[in-house]
1. Rounded to the nearest 5, what is the percent of antiparallel bridges among the DSSP beta bridges in the protein assembly as shown?
2. Give me A:Arg259, A:Arg235, A:Arg178 sorted ascending by neighbouring Cβ count inside 10 Å, so fewest comes first.
3. For B:Lys99, list the aspartates and glutamates whose Cα falls under 14 Å from its own Cα; do not include residues on the same chain fewer than 8 positions away.
4. Is the shape of the stretch A:235-292 rounded, prolate or oblate, going by the alpha carbon gyration tensor and its root eigenvalues a ≥ b ≥ c, with a/c under 1.5 for rounded and a/b larger than b/c for prolate?
5. Would you calculate the separation in nanometres between label points at B:Val243 and B:Val194, each defined as 7 Å from the Cα along the Cα-to-beta-carbon direction?
6. Mind running the shape call on chain B? Use the C-alpha gyration tensor, a ≥ b ≥ c as the square roots of the eigenvalues: rounded below 1.5 for a/c, prolate if a/b tops b/c, oblate otherwise.
7. Apply the Karplus curve 6.51 cos²θ - 1.76 cosθ + 1.60, θ = phi - 60°, to the phi angles in the stretch B:211-217 and return the couplings in whole Hz, x for Gly and Pro.
8. Between the stretch B:66-117 and the stretch A:145-197, what's the alpha-carbon centroid distance in Å?
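Every number in this text was worked out from the coordinates using simple rules, so none of it is lab data. Predicted model, so just to flag it, every value in this text is computed and none were measured. Neighbour counts are summed over all protein chains in view; Cβ atoms, including those assigned to glycine, are modelled from backbone coordinates with ideal geometry.
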Amino acid sequence: MTVASGAAGQNACGECVAELAGVHHRYGDVVALDGMDLGVRAGEVLAVLGPNGAGKTTAIALLLGSLPVQRGEVRVFGCEPGAAAVRFRRGAMLQASGVPNTLTVSEHLELFSSYYPAPLPVSQLLAVAGLEDVASRRFARLSGGQKQRVMFALALAGDPELVFLDEPTTGLDVEARRSLWREIRAMKAAGRTAVLTTHYLEEADALADRIAVVHRGRVVAEGTPAQIKSRAADRRILCVTRVDLDEVAVLPGVARVERNGRHLEILAARPEDVLRILLARDPDLHDLQVTGVGLEDAFLTLIRGDGRQEEA
Amino acid sequence: MAVAAGAGARPGLAHRARVYVMETRAQCLTVARTPAFTVPTLIFPLMFYVFFGVVMAFTPTTPTYLLATYGVFGIIPPSLFGFGVGLATERESGALLLKQTTPMPVGAYLFARVAMALLFGAAVVLGLFLLGATAAGVALYRWQWFALAGVVLAGVVPFCALGLAIGAWVRAQAAVAIVNLVYLPMAFLSGLWVPVWVFPSFLQELAVVFPAYHLAQLALKVIAMDEGQPVVLHLAVLGACTVAFLIVASFGFRRVSAP
């Protein structure tokens, strides 16, 4: 593996610091990535949003050089992702990863700092991760949220330009999640580029400049949080009508239809368009209700919509 | 792997040395805070030596003989536990994968575990020598003390390789049990607790398959109490075992990195 001097920092996609281009990856018969294209721009927080099994962790593992590239191109700072020069400039927080229970928070941070030529001082790491009070506590005796904050501090140990956070808040309670969000925002304010994977639209919305929605190993939608939310079907229509379920399903803008007792339950991005057609076909339509749905449901319709297009 | 010059990140020798020291320190702290490790490692060889080498020494040469074999007995656990249990645990917790994403040199990781085995092994050997020279009245030439310590401590190499093979394959939950299942029967059958010559003949013949037997014979050669087989045989078996364990370990890691 050779790295040209001076190539680091300048790369094919111009402003991208990390990039997956046409990447396919399979584990035996299981396709994890199916032609994924993903570019991370300098200074942004990119959220990779998708359900479990969408390929998020595989994408991160390829960007970290932990998995060999099977097909396609993976570049970080214009280099091979596992190159030594890259390792000094990036940090990572892996999904469900721990460190030995018997060492204290400070000892872990001192150890990881020693790996880097110009690390952040341990006192600063303790401060940015809110760990000052537990610095001399062993890892085993920390709460779940504190453990995740240690893993976050370890990712920042080398004062990295680029940070990978693979599902940093999975399994945390609301309070611990909010606390980690604050620290991720502070990290972004300090000018670091970050790639964050999550299956919470709320989290992507709260932290990211840009969201890439992944489903079945491909990016199915990409844009600012506002753009992604507007594409997601976020209105629920409930009504009693004699219009057939199958007929409603094919109307433009309808993401999902289900029969719910006497009612039809319809998820749609623009309920006015759907209602106009329904009322024209069924003047007797009654018991009408239009409500907003949670972000999570909206996000589900986004990827379900993609699934149906594939089958069509 | 070539690294770009001018990336500003090329680490100097002092930086690399510091990583090795810090990794070794972390490893020593980790095991020192694990009583399940430290008690059998540090106490058992000394305790057994007091029982069988000092209190119940049936012949005048027994304390001298057991000094060599309990030395071998003493260096096996730190070698097996550091790699076997430590590696299996770090593999399962994801700590190993995380370290592999950092610039930590793999050499530092391996060095730290070998160094820990050497340090704990040296502590046991020192304790045994003090007991032997005082309570048991063992008298050796000065070169014999040093040669005995040197042979015994060099023995961490094949057993670290065996630990690596175990750590690469077994689950963390099972690692302690597996290490003990390998280590205790091997110690007995290799003649580390009682001399092989008191074994029934079929057990004497079986002893030659164990690396611990060959290490013990090399140690016993220093004090002229070995079975008389050539040094080359012992070195060849220990070398072959080391290579075989490393191959088994590398297959284990390949299996791990594959999905």
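1. 65 percent
2. Going from sparsest to densest Cβ surroundings: A:Arg259, A:Arg178, A:Arg235.
3. In chain and number order, the partners are A:Glu110, B:Glu23, B:Glu90.
4. Because its axes are fairly even, with a/c under 1.5, the stretch A:235-292 counts as rounded.
5. 3.7 nm
6. Prolate, since a/c reaches 1.5 and a/b exceeds b/c.
7. Karplus-based 3J(HN,Hα) across the stretch B:211-217 equals x, 5, 4, 5, 5, 4, 5 Hz.
8. Spelled out, the Cα-based centre of one part sits 30 Å from the other.
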